[in-house]
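Here the structure is laid out as structure tokens; the discussion comes afterwards.
The values are calculated or read from the model by the stated rules, or taken from the named source; none is laboratory data. Model, not experiment: these values are computed from the prediction. FYI the Cβ positions are ideal-geometry reconstructions off the backbone, even for glycines, and counts take in every protein chain you see. Accessible surface is based on the protein model in full, side chains and every heavy atom, while ligands, DNA and RNA are left aside. Shrake-Rupley method; radii C 1.70, N 1.55, O 1.52, S 1.80 Å.
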Amino acid sequence: MNPTLLVAVDSIRALLHRRLLVALMLALLGLTAVFSVTVTKVKKSILEASELAAGISDGELTEAEQEQARQGIDQAGSFFLAGFYWFSAFGGTVVALFICCTAVASDLRRGTIHMILAKPVTRSQFLIGKYCGAIAVLFGYSLLAGIALVIFTQVNDLELNLAAQYAPWLMFCQSLMVGSVAMLLSLLLHPLLAAVVAFFASAGFFSSPNPLFFVLPSYDQFNVFGLIMNGRLIALEDILTLTIYAFDVAAIFLLLALWRFRSRDLI
């Protein structure tokens with residue numbers, strides 16, 4: 001079997017056996033479920049309050065009042081859906097930072113990297129294998145978040161626009177970029193510091209005159225929170241463009257990580 005694939009499989013196995021990571025993922029998914037239940041109860045309370053108000057007014061609502069009530073409920077639904085997506089996307093970012101910042105650092109700390117590289121495994125194969133294993137776990141988390149999003153919308157009878165339909169994939173693309181940046185920085189900085197820097201290493205934190213605005217990747221383009229809130233649609237061409245952009249950024253930072261890892265002194 002290819003050494004890179006062996007390292008990737010072993011990396012996935014090791015990640016799934018890390019109690020802290022599994023606990024983090026389960027906690028985020030559990031909090032997502034709690035958020036869903038809470039939102040369902042809030043929506044039910046809003047509907048009951050609307051029906052009560054209609055009863056107090058001694059009669060049926062006019063068409064204008066009914067339309068206004070429907071718009072209010074739709075806006076509340078968009079807010080709940082956007083909040084659900086934001087929470088899931090934030091969880092994906094946290095998982096990406098945790099996995100990619102410790103992918104190589106954990107082997108360096110334990111000294112197991114020397115045992116692995118003593119076998120017919122090059123540094124490039126080791127790093128690419130670790131990277132592929134991390135991305136596989138991130139994709140699994142995004143898939144679970146996507147399933148949770150579908151269940152959430154079905155339970156709350158919410159309509160999925162195009163932005164919301166592709167939100168889990170865009171969340172994975174964002175996690176892919178964040179993870180790639182985090183892996184490179186973990187080879188230069190302490191894992192904790194690398195996670196903090198990678199989180200803020202976005203062009204969205206800088207304005208146009210700053211040169212970092214043109215160098216750093218833009219995570220904000222993948223946050224469909226505003227699109228869901230405003231009910232705006234994005235075309236399939238936009239999603240394809242964002243996907244290509246995310247994979248390009250990931251490839252660039254992976255190449256930089258390979259360059260740095262080849263010249264790093266493994267102590």
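Anything in the range 1-47 that is loosely packed, with under 14 Cβ neighbours inside 10 Å and at pLDDT 80 or above? List them, or say none.
Across the range 1-47, the qualifying residues are 2, 13.
Please enumerate the residues belonging to the range 135-157 that are assigned to a helix (DSSP H, G or I), surrounded by fewer than 20 Cβ atoms within 10 Å (Cβ to Cβ) and polar (S, T, N, Q).
Across the range 135-157, the qualifying residues are 153, 154.
For the range 102-134, which residues satisfy the criterion of being part of a helix (DSSP H, G or I), at pLDDT 85 or above and of a type in the set (A, V, I, L, M, F, W, C)? Full working, then the answer.
First, pick out the residues of the range 102-134 that are part of a helix (DSSP H, G or I): 102, 105-110, 112-117, 123-134.
Those still in the list that are at pLDDT 85 or above too: 102, 123-134.
The answer is 126, 127, 128, 132, 134.
Just need a number here: residues in the range 203-222 that are among the acidic types (Asp, Glu) and more than 23 Å from residue 172 (Cα to Cα).
Total satisfying the criteria: 0.
List, please: which pairs have Cβ atoms under 6 Å, are six or more places apart or on different chains, and start with a residue in the range 101-115 that is of a type in the set (Asp, Glu) and end with one that is open to solvent by less than 10 Å² (accessible area, probe 1.4 Å)?
As it stands, the answer is 107/113, since those pairs meet every condition given.
Give the range 90-134 a look and list any residue that's of a type in the set (Gly, Ala, Ser) and either closer than 21 Å to residue 263 by Cβ or open to solvent by 10 Å² or more (accessible area, probe 1.4 Å) (or both), or say none.
Once the filter is applied, which keeps residues that are of a type in the set (Gly, Ala, Ser) and either closer than 21 Å to residue 263 by Cβ or open to solvent by 10 Å² or more (accessible area, probe 1.4 Å) (or both), the range 90-134 yields 103, 105, 106, 111, 118, 124, 129.
Give the residue that is farthest from residue 98 (Cα to Cα), with candidates limited to residues of the range 158-176 that are open to solvent by 70 Å² or more (accessible area, probe 1.4 Å) and modelled with pLDDT under 75.
The residue in question is 159.
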